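Before any comments, here is the structure.
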Amino acid sequence: MFSITFRQSLRTTGSTCRIPRLPRLSLPIRRFYASGSTIKAAVHKPVKVIGIDLGTTNSAVAVVEGEMPRILENSQGDRTTPSIVAFTTRGDVLVGATAKRQAVVNSENTFYATKRLIGRKFEDDEVQNDISHLSYKVVKHENGDAWLQTTVGENLSYSPSQIGGFVLKEMKHVAETNLNSEAKNAVITVPAYFNDSQRQATKTAGELVGLNVVRIVNEPTAASLAYGMNQKKNGLLAVYDLGGGTFDISVLDIDDGVFEVRSTNGDTHLGGEDFDNVLVKYIVGKFKDSQKGDEDITKNRMAMQRIKEAAEKAKIALSHVHKTRIQIPFIVKDENIDFELAESELDEMTMHLIKKTMEPLKKAISDADLKRSDIDEVIMVGGMTRMPRIRRMVGDFFNKKPNTEVNPDEAVAIGAAIQGAVLSGEVKDVLLLDVTPLTLGIETYGGLFSPLIPRNTTVPCKIQTTYSTAVDGQNSIDVNVYQGERPLVRDNKLIGKFKLTDIPPKPKGVPKIQVSFDIDADGIIKVSALDKDSGKRASITVFGKTGMSQAEVEQLVKQSKKTTKEDQMTLNYLKHVNNLELIVFDSEQAINDWSRFILEEEKESLGRKLSIVKRMISDSRSGDLFDVKLIKAAQVELKDETMEIIQNAGQRSRDARKKVQSHEPN
Amino acid sequence: MAVPFPDIDPYEELGVSAKDSPPTVRKAYFKLCLKYHPDKLGKVTEKSKGEYKTRFERIQFSYAILGNIKRRKRYDDTGSLDDDDFLAEDFNWKDLFHRYNSIEVTEEM
């Protein structure tokens with residue numbers, strides 16, 4: 001066990017964080033502080049906290065300004081950004097729409113839906129099941145986690161946290177461009193049914209890119225905030241959240257600004273991706289039925305990527321129309337895909353997925369000690385809830401039409417921003433009381449799971465339990481901590497193995513070690529131990545955990561610092577390129593103005609130079625050219641040549657005027 | 001499992017009486033949360049944060065008892081702060097056995 005698991009030695013004392021504070025990255029604010037006299041003013045102003053919805057397929061960022069939350073648009077003017085990260089052979093990292101656009105030609109290095117892999121082991125059933133659908137390679141990292149492998153560099157591999165980090169960095173950038181200031185503090189959302197490892201891995205993703213993650217909030221809870229801030233209504237609310245990769249159901253009690261989560265349930269591996277996969281399979285089957293050639297289309301990455309995109313498009317279309325056409329010309333050689341798909345067909349083939357949400361729904365209601373009819377309002381969040389069949393089913397279940405006032409794509413980010421403003425003190429009289437979604441417990445004799453903190457307990461919460469020794473002179477105790485609802489530990493998720501060491505040698509049963517299990521407001525678990533006799537903190541070692549070691553995190557932060565430097569260089573370079581473009585405009589303007597006095601050969605020579613320079617500019621902007629010296633030289637050369645031509649032209653114009661004057665009669 | 005605050009009077013802690021209805025108890029709990037919840041301590045000095053933390057834990061513990069109909073009844077009847085379900089009169093032993101009986105026996109075990 002010791003040799004194969006990845007060791008993470010960390011000492012937990014009292015309530016310190018599991019991951020020690022990381023060095024922060026970009027620093028204008030620190031410089032601001034360092035300047036001395038302004039410190040006071042800076043402290044009193046509430047620190048802005050942005051809210052990021054890190055989704056499986058799309059992400060969004062929002063902020064509260066003057067008590068009004070708003071979504072921030074990216075540079076393309078979109079309110080959401082695809083959670084897609086691509087690596088090119090040139091070494092570029094693309095995020096968002098640009099990454100999505102090139103997915104067909106670079107499918108092995110285009111990473112999508114990685115949230116379904118975050119905080120998971122390679123051997124997990126869900127991971128193994130996904131591998132067959134994914135266009136990229138999933139590998140087993142040395143600690144057993146699922147990582148992603150590229151074909152660039154020397155087959156560089158990345159953890160899902162790092163990919164999430166790239167997306168978060170992009171969202172941070174979107175916020176900074178909009179707010180015109182540094183965005184350092186963030187609330188990040190996760191599916192309510194995420195376990196400790198998945199939450200921890202998401203937090204790490206933020207820390208890797210220099211974000212101070214002030215809170216991890218559950219997505220349906222965030223959505224309820226977006227709804228509640230708007231409506232100011234009290235009552236029982238059910239949030240049905242079916243996104244790209246995960247399903248959550250939460251039941252909340254809203255009472256004068258206090259949002260108390262009564263229960264939560266879900267499936268962290270059920271969402272739009274699964275619907276797409278069903279449809280892809282259907283399209284492939286349909287094609288094979290009429291295929292003339294013998295190529296196995298499932299082995300053709302580009303064709304499969306095109307089918308996937310067509311499937312997603314058709315699925316979205318069928319939320320608005322009853323019939324759509326799936327058309328993919330020249331899918332292989334001279335064969336096409338072209339057929340009509342009806343909404344009812346899609347409903348039928350995905351019915352097993354829709355039905356999968358019913359069980360968690362029932363459990364959440366009964367865990368909240370409620371009947372379906374007690375629910376006052378139902379809201380639906382996540383892109384998949386646009387599917388009419390799903391809306392109908394949820395409506396039938398509660399015997400109530402779902403409220404459509406919240407935007408399914410934006411409510412989560414809006415809610416995250418509101419929680420950010422609550423934490424910064426900007427919004428008062430609002431409080432979230434969230435719960436832990438899974439029962440926390442330890443392994444007892446025979447592999448039985450012994451619960452310590454039941455699911456749906458309000459967080460933060462703490463429980464203490466006393467351990468003793470079973471043998472005379474025993475100096476250490478092993479405690480295995482699990483999360484889950486099954487009676488046997490092997491069916492639940494191992495959160496960590498703790499070893500209480502340095503227990504003074506005494507007869508069995510005499511030492512009393514008090515162990516505290518804390519679940520903080522992020523839903524992340526901390527364990528600490530105290531030897532009751534000596535009053536000393538007992539040593540705890542954690543291992544076998546999912547996630548990254550401190551050293552790994554630091555290494556990656558260093559790397560990302562370097563990328564920040566690289567970003568800075570790119571930015572500088574692009575400034576030079578912009579300057580060069582200005583010179584081009586000036587030159588063109590001048591040639592126009594002085595056209596009469598410029599020789600044809602001069603025009604030609606300058607025209608040639610201008611077209612070369614324009615190529616250099618567009619190549620620089622697309623990333624094909626990076627050469628500061630060249631750009632600077634071009635600036636000088638172009639400026640000089642234009643000046644010379646203008647001077648010549650000036651001379652000619654003066655000469656011409658003289659000539660005219662000398663011919664004029666007095 | 002140890003009871004963290006063995007001497008606590010949950011009614012006193014939440015400022016309610018034994019006659020108060022569940023909605024009244026909940027309202028009182030929410031009011032206290034708005035004041036003592038860790039998210040609401042922006043203006044509290046570092047020194048008193050520890051006090052607030054303990055106070056909030058006491059509030060949580062009190063509401064865990066009074067907010068649950070069964071546990072509240074047991075406290076009213078016996079004064080027990082324990083949360084051990086096995087002690088409850090209506091504990092469903094059949095359910096428990098069923099839970100363990102449903103475990104599939106395989107060779108591994």
**OP:** Quick one: work out Rg over Rh on the C-alpha atoms of region A:402-443, Rh as Kirkwood radius.
**Re:** 1.15
Original post:
Ranked from highest to lowest mean number of other Cβ atoms within 10 Å per residue, what is the order of the peptides A:121-134, A:154-167, A:477-490, B:20-33?
Top reply: A:154-167, A:477-490, B:20-33, A:121-134
Original post:
In peptide B:33-40, how many Cβ atoms from other protein chains are near each Cβ within 10 Å, on average?
Top reply: 6
Subject >> Members of region A:444-492 that become less accessible by 50 Å² or more once partner protein chains are added (1.4 angstrom probe, chain alone as reference) >> reply: A:Pro460, A:Pro487, A:Arg490
Original post:
Whole-Hz Karplus ³J(HN,Hα) for region A:273-283, in order, using 6.51 cos²θ - 1.76 cosθ + 1.60 and θ = phi - 60°, x for Gly and Pro?
Top reply: 4, 5, 5, 4, 4, 4, 5, 4, 4, 5, 5
Original post:
Once fully extended, how much extra length lies between A:Gln514 and A:Lys499, figured as 0.36 nm per residue of separation less the alpha-carbon to alpha-carbon distance?
Top reply: 4.1 nm
Subject >> Whole-angstrom gap from region B:8-59 to region A:279-358, using each part's C-alpha centre >> reply: 56
**OP:** Mind checking the per residue accessible area of chain A for me, 1.4 Å probe, whole number of Å²?
**Re:** 47
**OP:** Quick one: grab the alpha carbon gyration tensor of region A:302-443, order the square roots of its eigenvalues as a ≥ b ≥ c, and give me rounded if a/c is under 1.5, else prolate or oblate depending on whether a/b is larger than b/c.
**Re:** prolate
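Return the Rg/Rh ratio of region A:600-645 with Cα-based radii and a Kirkwood Rh.
1.03
Using helices alone, I'd like the mean residue ellipticity at 222 nm for the protein assembly as shown: each DSSP H run of four-plus residues gives -39500 (n - 2.57), total over residue count, nearest 500.
-13500 deg cm²/dmol
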Original post:
Using alpha carbon centroids, what distance separates region A:202-225 and region A:647-663, in Å?
Top reply: 71
Subject >> Shape call, region A:272-352: gyration tensor on alpha carbons, a/c limit 1.5 >> reply: prolate
Original post:
Other chains near B:63-69: what is the mean number of their Cβ atoms within 10 Å of each residue's Cβ?
Top reply: 1
**OP:** For the pairs A:Lys506/A:Lys532; A:Lys493/A:Lys526; A:Lys121/A:Lys172; A:Lys508/A:Lys532, note any where the Cα-Cα span goes beyond 19 Å.
**Re:** A:Lys121/A:Lys172
Original post:
On average, how much area does the Cα convex hull of the protein assembly as shown cover when viewed from any direction, in nm²?
Top reply: 47.1
**OP:** Using Cα pairs closer than 8 Å and at least 6 residues apart in sequence, work out the relative contact order for chain A, in percent.
**Re:** 14
Subject >> Averaged over A:132-145, number of beta-carbon atoms from partner chains that fall within 10 Å >> reply: 0
**OP:** Over all directions, average the projected area of the Cα convex hull of region A:565-662 and note it in nm².
**Re:** 6.3
Subject >> Of A:Lys232/A:Lys355; A:Lys48/A:Lys203; A:Lys115/A:Lys169, those spanning more than 22 Å from alpha-carbon to alpha-carbon >> reply: A:Lys232/A:Lys355
Original post:
Is region A:157-305 best put as rounded, prolate or oblate by its Cα gyration tensor, with a ≥ b ≥ c the root eigenvalues, rounded for a/c under 1.5, and otherwise prolate when a/b is larger than b/c, oblate when not?
Top reply: oblate
Original post:
Which value, in square angstrom to the nearest 100, describes the accessible area buried between chains B and A on both sides, using a 1.4 angstrom probe?
Top reply: 2200
Original post:
Which aspartates and glutamates have a Cα less than 15 Å from the Cα of A:Lys639, not counting those fewer than 8 places away in the same chain?
Top reply: A:Glu581, A:Asp586, A:Glu588, A:Glu602
Original post:
Using a 1.4 angstrom probe and counting only protein chains, how large is the accessible area of A:Arg392 in Å², to 10?
Top reply: 120
**OP:** Please report, as a whole percent, how much of the solvent-accessible surface of chain A comes from carbon and sulfur atoms (probe radius 1.4 Å).
**Re:** 51
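The values are calculated or read from the model by the stated rules, or taken from the named source; none is laboratory data. All values derive from a computational prediction rather than experimental measurement. With ideal geometry, Cβ positions are generated from the backbone for all residues, glycine too; neighbour counts draw on all protein chains shown. Just the protein is used for accessible areas: all its heavy atoms, side chains included, with ligands, DNA and RNA removed. Shrake-Rupley method; radii C 1.70, N 1.55, O 1.52, S 1.80 Å.
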